[in-house]
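Have a look at the structure below, then the notes.
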């Protein structure tokens, strides 16, 4: 009898099974590496919002009122303005103008904070501008007022709603506590605002 060259059916099935196992392991490894690299190259949006939350709560919670007793905390969906007490790093500047603005970028929306002195001393003019949160699908700013509020009454709540690019939601809610007149100048000796 003549011997035929080739593979038996059992050998072919064993080779196919081994190849399928190798392809499955390679696909799982490739997917895992892709997920890891995406997590390393993109900062976690919630970490960024969580880092900005105490800054926003402190600044918006310290909004001042003007000489007539009206709230300096005003705004709409595109931005919020207020007069605030200075953070410790800017104590000598006196009261500060605060502006929170939603800005469109190539990757989504960003929340930008701007601080500047109301009346800068001669030779000390400065403006500090920082992007607190970026690469969001949307950022909505909302001032909630009491139903019976008069013009100049402070908002009851300041709400900032974030939607990440993946569709997750995060809200920061601040209840402002209006403090003294915004026209004060900080006195470094007594550590108080003076009008």
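Here residue 134 clears all of (1) in contact with a helix residue (DSSP H, G or I) (Cβ under 9 Å, 6 or more places away or on another chain); (2) at pLDDT below 85; (3) closer than 23 Å to residue 168 by Cα except the condition numbered (2). Is there a residue in region 161-181 that is modelled with pLDDT under 75, crowded, with 16+ Cβ neighbours inside 10 Å and closer than 18 Å to residue 80 by Cα? Yes, because at least one residue in region 161-181 is modelled with pLDDT under 75, crowded, with 16+ Cβ neighbours inside 10 Å and closer than 18 Å to residue 80 by Cα. Each residue in region 126-158 was checked for being closer than 16 Å to residue 71 by Cβ and assigned to a strand (DSSP E or B), and 6 of them qualify.
The values are calculated or read from the model by the stated rules, or taken from the named source; none is laboratory data. Given the structure is predicted, the values throughout are model-derived calculations rather than measurements. Cβ coordinates were reconstructed from backbone atoms using ideal geometry, including for glycine residues, and neighbour counts include every protein chain displayed.
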